[in-house]
Each structure stands twice: as structure tokens, then as C-alpha cells.
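Each reported figure results from applying straightforward, stated rules to the coordinates on display, with no laboratory input. This structure is a prediction, so every number in the text was calculated from the model and none was measured. Reconstructed Cβ throughout: ideal geometry from the backbone, glycine too, with neighbour counts over all protein chains shown.
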Amino acid sequence: MSGVRVLVGTHKGAFIMTSDGKREKWDVSGPHFGGWEIYHVKGSPADPNRLYASQSSGWFGQVIQRSSDGGKTWEAVGNKFVYDGVPGTHQWYDGTPHPWEFKRVWHLEPSLTDPDTVYSGIEDAALFKTTDGGQNWQELSGLRSSETGPRWSPGAGGMCLHTILLDPSHAGRMFVAISAAGTFRTDDGGKTWKTITKGLHSKYLPDPTAEVGHCVHRIAMHKSRPDVLFMQKHWDVMRSDNAGDSWQKISGNLPTDFGFVIDVHAHEPETIYVVPIKTDSEHYPPDGKLRVYRSRTGGNEWEALSKGLPQSNCYVNVLRDAMAIDSLDKCGVYFGTTGGQVYASADAGDTWNAIARDLPAVYSVEVQTLP
Amino acid sequence: MPAIKSIIRVELPAHLRTLAGVSGEVAVNVPLSLEGTVTQRMILDAIEHAYPVLRGTIRDHVTQQRRPFLRFYACSQDWSHELPDAPLPGAVASGAEPFLIIGAIAGG
């Protein structure tokens, strides 16, 4: 019988949660790398037992961990992230030029076909790649050195490259998102990039429709329709039907269109999920009620999913990398909170149960569907 | 003439001991200078040679600067702000006293 493995990164370690296809009973292991910040853990689509984890610390910097047995054992691999050439400057909070400085790895995106190839998104925003299982990392510097790079500036959480989407249909095409710069697409494996922000409107910018400066929180796609992208922006939920060339607002009847996560149903490309958060200064759900919102129409029409989720006195946040969807039928939906809960739905969001309730603040959630 | 080496005792923070797969104090072979002294740089080079996993965790890969929240102590003194090539006390070079790498007390 098939099963799932949920990979959870938290403020103080990683946790691995496994279950069979029913997704009712869970085994939880961890903390792995206890005491370290685990921004992201993700498995290779080409080899489910190959996992990568971003482990970091204000004291000791960045470590990258790799497992070849599904997370039972780990080995530290390369942690040297050096910008290509002379790094130059980006824009600081006060508008002055500021040198690019490596801080941490936010996101690891293994190749769809090769377990030794992984892309990493870092702060200060740049994209790196390894082809030897994480031993050595090289910057794909065409992104950062593009014409807009010097105008990128950090959001409140830092200037992070937090989302990497690999297009399964077009070789060499990928999408990345950066807070607070915007969204970018390459069609040549990362050599050159196009800024894809047309249609975004951010009222906190002097020019709300500027090419860069948009605080994109997360983008998502369904693998069967990689030209359709969904975006949770600082404010606004957006959609593109042309690989990011233009965007339309699909916030519709959401109680608030601020939030961090967005994801797509495994089998229904027009079914999407968000978790509305009250405002950009009140990082908790409206009315103290934790609700996932689902649209079955590709946006605009949303329904609240709350069965099994706390509906009073809930003031947690759900961070941008903290939602994932498995590919069982019905598909499972998972998300983690800054209050340390990891919730799972085995019926595409209709009902929810907590896998864990008292973890450190959850930074990221990924899920692997196992044979 | 082969370089004279000294066994230097080093205390690592708990998280770095875990990362390196060691427990307690570690001992590293450090080639002494012509004057018979050891320096921070010599000790850190030896630590990173013996435990490559620690590269980048004590000092920056490129600048070789000490990470801001780490401190270097020896013989009850803070050597963190000394130059990396400044000689450390003879008691460290002789192995009588350990070189301490300390995680600074900071929130988190």
C-alpha cells in the first residue's frame, strides 16, 4: 500500500512524519538537527529516498544535509555559497546601495530527473545549483546580474529567493520568486531571465505597477498545466495563464487576500488553496479562526474549510513554504503553523486533523507520496 | 627539517561537536611556528582539516572572519578581537590549556 512522508522544517529542528495511504496514524521522528533552524527539507522526485535539508544558525551559519535513506541518516555536504564574480549592490531598506551578503538557504528544489542536481534559493536573493549532490554549489548569476538586480530590496523577512518552480514540460524553463523583488522566468536553464510582474499592483510602492519591488510570497503550478501559475502576494491572490507574462487578481470573496501559502490540488488543476491572514501587521487568521480557503474555479470563488481546525482563539501564522499536497486519491493537504501544529487533511481539505501540536514554529512542510 | 607539531586541545560548542561527530574536548595536531608559538589561524586551519564539516561554521569561507556570535577564549582571556596571526599563550601551544570556541550568549 502506498504511503506518505511529510518533511517538516521548524525553528529548532526537522521532523519526519510517515503514514500509510489512509493517513490516519502517524509516526513522527525528530527533532533532526535539534536546535538549528531548518528552513526547508525536500525530497528528490527522481529518488524519494534522497532528501536535502537546509540547516542554519545565527551562531554557526549554513549547513546543507543530505540523506540517501529517506531521512534515517544524514551527512553534511557543501555549505559554500559564494556569489559569482564581484557581487555588487542591491537596494537597502532606506534606498541606499547595499552589498550582496549570503545569509542562509531558504529553499531547496531537487531536479525532476536527477537526484544529484538541486537548485537552492538563498538570502540575499540568488539562485544556486549543484550537480554533485550538494558538495559544490555554483550561482546561476544571470538572475541577480540582470538589469533589475540593483533595484531589488528586502522585505521585512529579508531579501530571500523563496520559491523555485521547475517546468516539467519545457526543458530549461523555471520560475523563481523573491521578496521583495517579484517573479522571474528563465527559458534557458538560468542563463537569462525575464521579469514577469505585469498586472501586479502593490500600493506600498511609489509606482504600484513598477516592474520590480513586489513582495511575492509564493507561487504555485500544477504539473499538467505549467503555463498556469497562482500567486499569493503580500496582498492579492493572483493568476497567470501565460507563464507569468501577465497576471489577474483572483482574490474574489476571500475574507482577506493577505497570506503566505498557496498550492494546487494534485488532480484538479483549477482547485487551489490559500490560508488568509488578517493583515501584514497582524500575522494571524481573521477572527481567531484558522481556515483554509479552497477555490474549485481557479480563483474568485472561495469556500472556507474549517472542519477540525481551531475556530476560536487561534492566532498563528502559516509561512510561505508551509503547505504541501500529496498525490494520493483523494489528495492530502498539509500545512504547519508558527504555533507548532501540523495539520493534515486526507480528503482534499474537507476535514482536518493535527499530526503534531507542539512543535517549534513550523517554517516549511513538504510531502512525498511513496510507492 | 620537519615542522615541529604540538597537540592543541580545543573545546567546541555543543552543536559543532554534534556536527563533527565528536564528544568532549578534541585534540588537533598543529605545526608550530619557528618561534614555537601557535595562532588562532593555525588552530582553525587544523580544526577544519581534521573536521571538514566545520568549514564555514566557525569563520566565513571567503573572508575567514570569525562568525559574529562566536568567541575565542584561552587562559581566562578573550582572544576574539586579536589578529588571527597573533601568538596565543604558551600554555595553549604546550597543550596545558585548551583553546575555547564559545557560542556567545544571545537570544534565540
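The table for this structure:
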read-out	value
Percent RCO, i.e. relative contact order, over chain A, from Cα pairs under 8 Å lying at least 6 residues apart	12 percent
Chain A - convex hull of the alpha-carbon atoms, volume per residue in Å³	123 Å³
Translational D in µm²/s for the stretch A:231-371 (Stokes-Einstein at 10 °C, 1.306 mPa s, Kirkwood Rh from C-alpha pairs)	106 µm²/s
GluC sites (Glu not before Pro) restricted to the stretch A:292-371 and DSSP loop, no more than 16 other C-beta within 10 Å	A:GLU301
B:ALA14 paired with A:ASN353, simple spin-label distance in nm, labels 7 Å along Cα-to-beta-carbon	3.5 nm
Cross-link partners of A:LYS22 among lysines (Cα-Cα below 20 Å; sequence separation of 8 or more within a chain)	A:LYS307, A:LYS330
Cα shape, the stretch B:7-103, gyration tensor, a/c 1.5 rule	rounded
Residue-averaged beta-carbon neighbours from other chains (10 angstrom radius) around A:54-63	6
Estimated distance in nm for a label pair at B:LEU32 and A:ALA304, the labels positioned 7 Å out from Cα along Cα-to-Cβ	7.6 nm
Those residues of the stretch A:55-92 whose amide nitrogen sits under 16 Å from the label point placed on A:ASP47, 7 Å along Cα→Cβ	A:65-78
Rounded to 10°, Cα long-axis angle of helix B:40-50 versus longest principal axis of chain B	80 degrees
Number of partner chain Cβ atoms within 10 Å, mean per residue of B:48-57	3
Ellipticity estimate at 222 nm from DSSP helix runs (n ≥ 4, -39,500 (n - 2.57)) divided over the protein assembly as shown, nearest 500	-1000 deg cm²/dmol
Kirkwood hydrodynamic radius over Cα pairs of the stretch A:1-140, then Stokes diffusion coefficient at 10 °C and 1.306 mPa s, in µm²/s	100 µm²/s
Cubic angstrom per residue, convex hull over Cα atoms of the stretch A:114-206	104 Å³
Cα-projected label distance for A:ASP187 with A:HIS267, points at 7 Å along beta-carbon direction, nm	3.5 nm
Rounded to whole Hz, the Karplus (6.51, -1.76, 1.60) HN-Hα couplings of the stretch A:355-371, x for glycine and proline	7, 9, 10, 10, 7, x, 3, 8, 8, 8, 9, 10, 9, 10, 8, 9, x
